[in-house]
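We did not get these values from a lab; they are worked out from the coordinates using the rules stated. Not measured: the values here are computed from a predicted model. Heads up, the Cβs are rebuilt from the backbone with ideal geometry, glycines too, and the neighbour counts pull from every protein chain shown.
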Amino acid sequence: MTGLFVTFEGGDGVGKSTQAALLEKWLGERGRTVVRTREPGGTAVGERIRDIVLHHRGHVDPRAEALLYAADRAHHVATVVRPALARGEVVIQDRYLDSSVAYQGAGRVLDPDEIRRLSLWAAGGLLPDVTVLLDLDEASARTRLDAADKPFDRLEAEKAEFHARVRAAFLALAAAEPERFLVVDAALPVDEIAALVRARVGEHLV
Ligand code: TYD
């Protein structure tokens, strides 16, 4: 049995964890050992880095931020992901290097190609077998924002623009590697998404 590396990507709040949990359950029923993990985080070192990148108050230089995500990734891949794959297990992971390219690149300060190279260096070249991109279209994203029932202020408008860039970056990555990516409409019912994910992952099960 060979290991399988599956990552979930997409904007914030598109349902990655829900789908990761459903896939874990399905694979477990098929007798596969699953490691569920995430970036940033997933290791003790990673949780400390996560705390800095997500909760530090005040400015963090974009290059420093990119390096922190890369440092988290390097340690996580070396100590969690590769060992699990070597044992023949399935690794299901919330976010991986595509998040770095999409998010750190969307800030417009850093070159997405450089970020990808940095991430690949950190990960020793490890790419997922399957990457599920949960894509939420502009209209649905807007509906979710409107549902929050708050006026659309300047910051939120900026946020919406940033998220539009992140979304475009993810879609471009998926278009460049169609064999690795499964793009799913995140507005579909949970069960339908889960079925599409199972179908794609199932192709890789031996
Ligand atoms: P996550 O915990 O997945 O948050 P959510 O549940 O809201 O999706 O990710 C935390 C944040 O980290 C998310 O906004 C995306 C960002 N991120 C990057 O900017 N670069 C990266 O390389 C990774 C892995 C995450």
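Structure values in brief
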| quantity | calculated |
| --- | --- |
| Overall form of the range 42-157 per C-alpha gyration tensor (a/c, 1.5; a/b vs b/c) | prolate |
| Residue 35 long-range amide H proximity, modeled H, under 5 Å | 90, 91, 92 |
| Exposure proxy ranking, count of Cβ atoms within 10 Å, fewest first, for 181, 8, 162, 170 | 162, 181, 170, 8 |
| Of 22, 136, 188, the one that fluctuates the most in a GNM where the chain has Cα springs shorter than 10 Å | 188 |
| Mean Kyte hydropathy of 0.0 or more with a Cα span along the axis of at least 27 Å, helices from DSSP in the chain | 154-176 |
| Max mean-square fluctuation residue, GNM over the chain, Cα-Cα springs under 10 Å, options 54, 23, 97 | 54 |
| Contact order relative to length of the range 8-141, as percent, for alpha carbon pairs under 8 angstrom and 6 or more apart | 37 percent |
| Protection proxy ranking of 77-84, 120-127 - average other beta-carbon atoms within 10 Å, highest first | 77-84, 120-127 |
| Peptide ranges 88-95, 13-20, 39-46 listed from the most packed, as the mean C-beta count within 10 angstrom indicates | 88-95, 39-46, 13-20 |
| Cα gyration tensor category, rounded, prolate or oblate, for the chain with a/c compared to 1.5 | oblate |
| Relative contact order for the range 72-180, counting Cα pairs under 8 Å that sit 6 or more residues apart, in percent | 33 percent |
| Residue-averaged 222 nm ellipticity for the chain, from DSSP H runs of 4+ at -39500 (n - 2.57), nearest 500 | -16000 deg cm²/dmol |
